[in-house]
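Colleague: Please find one structure pasted underneath; my questions will follow.
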2 protein chains.
Amino acid sequence: MTYLPNQLQEACGFELIACFASIHPISEEIAAFVRQKSIYLSVKKGKFIRSSLDKEERLYFIVKGCVRGFIKDEGQEITTWINGENNIVGSIQNLGLDNDTEEYLQVIEDSLLIVITRQSIDEMYARFPEANIIGRKILERYYRDADERAFLSRLPSAEKRYKRFLLKRPELIGRIPMKYIASYLGMKLETLCRIRAKMLQFQTK
Amino acid sequence: MTYLPNQLQEACGFELIACFASIHPISEEIAAFVRQKSIYLSVKKGKFIRSSLDKEERLYFIVKGCVRGFIKDEGQEITTWINGENNIVGSIQNLGLDNDTEEYLQVIEDSLLIVITRQSIDEMYARFPEANIIGRKILERYYRDADERAFLSRLPSAEKRYKRFLLKRPELIGRIPMKYIASYLGMKLETLCRIRAKMLQFQTK
DNA sequence: AATAGTTATTGACATATATCAATAATTGTA
DNA sequence: TACAATTATTGATATATGTCAATAACTATT
């Protein structure tokens, strides 16, 4: 996990600002603020960008690459979300209130991220009230995503969950290891393998 | 499902406005707007307040009572959330984009609701930019709730899900039929019964 | 190109939970 | 109070998925 050289940090935040601007026009002041508070981070595949010990909440904008969130349940990892480019990811402070259920973040492709602290975001809301429009709209989208995750994981059969995933996140197939997808879908890798084998069989016959 | 007499509608919206004000101070203009757009609805236990055919999106503030959301999967109902007093509930438009997965809302206790259309809320955001602060904060909370639902339903064993539920939503035990809780927890009523019986057994021995 | 490490596949068997069914307890209502 | 309807409990059995294990297919590194 390395910070980029100063030269590149100068231009930092561009992608995040563009993301904001695509939601709602933003003033030059907000853009300057975001630029000032953003830091680029280049992270290698496999690295953890937050451990359960990490207290300060940070948000990450994925410029390039892929990140997953997971929790541990009796030593077993359970992937709770997987996100690629143009998404903001971060730990939900609240979930962590009880010790059992801290969330971990792992980069699962070599990635370029923009980091910003939760504190900076809050400061932005306070100083630039229009920023709340952006925040509100982003949260509306993320709420739907979370709801989709909740829905997906409630489908009673493993095969149905996989089919739903195929429908909603086809771009992730082949891009990331199946083991993460299996974990996200609440099944063992072996089960996912069998489901895929079965589906392939019916396709070719 | 009955509208209240005009006399009572006069005072309508009070509880919703109080809810907003508890999050962030609101101006008299916003309060007046909300009051004007709100309608009280008294709904009997068991009634559906939205069917999959219903196109106009509405939001409901629960003044008193309890509401659940569910989807149908091959004729089986899957409860995706359960909410009581002081919550805003509504259908997520997005989930409904594919035909399979429309969301239904059912009142599961005699309830008093405040209805407001999604359109009115959007109008509020547009006319009173400060309202976006409230919207943003409410969504932050609902995002965490949705995330908790996603987390809960990913716990691999039925017993763990029930224990998590006991920890997070103890007030619902005894208040609503177990069948809804079982459905919310992704298990059959019989399984929930057995888990409870087993846990009781260990408690008294 | 060869080797080591990771990821995916397949098989045999174990187990948690579903299903079906019968009964009991609770709740609503005439 | 009694009756009907709903909800909860318990048992016997079926089934989807997990577990463990062996091997195969990739991927990265020297």
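Colleague: Got a number for residues in region A:158-194 being within 9 Å of DNA strand C (Cβ to nearest atom) and not acidic (Asp, Glu)?
Modeller: 14
Colleague: Filter region A:134-156 down to residues that are within 7 Å of chain B (Cβ to nearest Cβ) and assigned to a helix (DSSP H, G or I), then give me how many there are.
Modeller: Counting residues in region A:134-156 that are within 7 Å of chain B (Cβ to nearest Cβ) and assigned to a helix (DSSP H, G or I) gives 15.
Colleague: Give the residue, chosen from A:Tyr142, A:Tyr162, A:Tyr125, that is within 13 Å of DNA strand D (Cβ to nearest atom) and aromatic (Phe, Trp, Tyr).
Modeller: A:Tyr162
Colleague: Moving to a separate point now. Could you list, ordered by first residue, the pairs with Cβ atoms under 9 Å in which the first is in region B:101-127 and free of Cβ contacts under 8 Å to residues at least 40 places away in the same chain and within 22 Å of B:Ile78 (Cα to Cα) and the second is surrounded by fewer than 19 Cβ atoms within 10 Å (Cβ to Cβ) and basic (Lys, Arg), at least 6 apart or interchain?
Modeller: Close Cβ pairs (under 9 Å, with a partner that is surrounded by fewer than 19 Cβ atoms within 10 Å (Cβ to Cβ) and basic (Lys, Arg)) amount to B:Thr101/B:Lys72.
Colleague: Looking at (1) small (Gly, Ala, Ser); (2) buried (at least 16 other Cβ atoms within 10 Å of the Cβ); (3) within 17 Å of A:Ser153 (Cα to Cα), find the lone condition where B:Ser157 falls short.
Modeller: If we test B:Ser157 against (1) small (Gly, Ala, Ser); (2) buried (at least 16 other Cβ atoms within 10 Å of the Cβ); (3) within 17 Å of A:Ser153 (Cα to Cα), just (2) comes out false.
Colleague: Out of region B:50-89, which residues are exposed (fewer than 14 other Cβ atoms within 10 Å of the Cβ) and either within 16 Å of DNA strand C (Cβ to nearest atom) or at pLDDT 90 or above (or both)?
Modeller: To start, the set of residues in region B:50-89 that are exposed (fewer than 14 other Cβ atoms within 10 Å of the Cβ) comprises B:51, B:53, B:55-56, B:74-76.
Selection gives B:Glu74, B:Gly75, B:Gln76.
Colleague: Quick one: in region B:157-195, of everything that is among the hydroxyl-bearing types (Ser, Thr, Tyr) and in a helix (DSSP H, G or I), which residue is farthest from B:Glu85 (Cα to Cα)?
Modeller: Within region B:157-195, the match that is farthest from B:Glu85 (Cα to Cα) is B:Thr191.
Colleague: Out of (1) among the basic types (Lys, Arg); (2) within 13 Å of chain B (Cβ to nearest Cβ); (3) over 14 Å from B:Ile71 (Cβ atoms), the odd one out for A:Lys160 is which?
Modeller: (3)
Colleague: Which number in (1) within 15 Å of DNA strand D (Cβ to nearest atom); (2) in contact (Cβ under 8 Å) with a residue 60 or more places away in the chain marks the one condition that B:Arg149 misses?
Modeller: (1)
Colleague: While we're here: With B:Met187, B:Met178, B:Met199 as the choices, which residue is at pLDDT 95 or above and surrounded by fewer than 17 Cβ atoms within 10 Å (Cβ to Cβ)?
Modeller: Selected residue: B:Met178, the only one of B:Met187, B:Met178, B:Met199 that is at pLDDT 95 or above and surrounded by fewer than 17 Cβ atoms within 10 Å (Cβ to Cβ).
Colleague: So which pairs qualify, if the first residue must be in region B:173-193 and within 21 Å of A:Leu152 (Cα to Cα), the second must be among the basic types (Lys, Arg) and surrounded by 20 or more Cβ atoms within 10 Å (Cβ to Cβ), the Cβ gap must be under 6 Å, and the two must be at least 6 apart or on different chains?
Modeller: Once the first residue is within 21 Å of A:Leu152 (Cα to Cα) and sits in region B:173-193, its partners that are among the basic types (Lys, Arg) and surrounded by 20 or more Cβ atoms within 10 Å (Cβ to Cβ) give B:Tyr180/B:Arg68; B:Leu185/B:Arg161; B:Gly186/A:Arg154.
Colleague: If A:Ile108 passes every condition in (1) crowded, with 19+ Cβ neighbours inside 10 Å; (2) away from every other protein chain (no Cβ under 12 Å); (3) within 13 Å of DNA strand D (Cβ to nearest atom); (4) assigned to a helix (DSSP H, G or I) but one, which one does it miss?
Modeller: Checking A:Ile108 against (1) crowded, with 19+ Cβ neighbours inside 10 Å; (2) away from every other protein chain (no Cβ under 12 Å); (3) within 13 Å of DNA strand D (Cβ to nearest atom); (4) assigned to a helix (DSSP H, G or I), the one that fails is (4).
The values are calculated or read from the model by the stated rules, or taken from the named source; none is laboratory data. This is a predicted model, so every value here is computed, not measured. Positions of Cβ are generated from backbone atoms using ideal geometry, with glycine treated the same way; all protein chains shown enter the neighbour counts.
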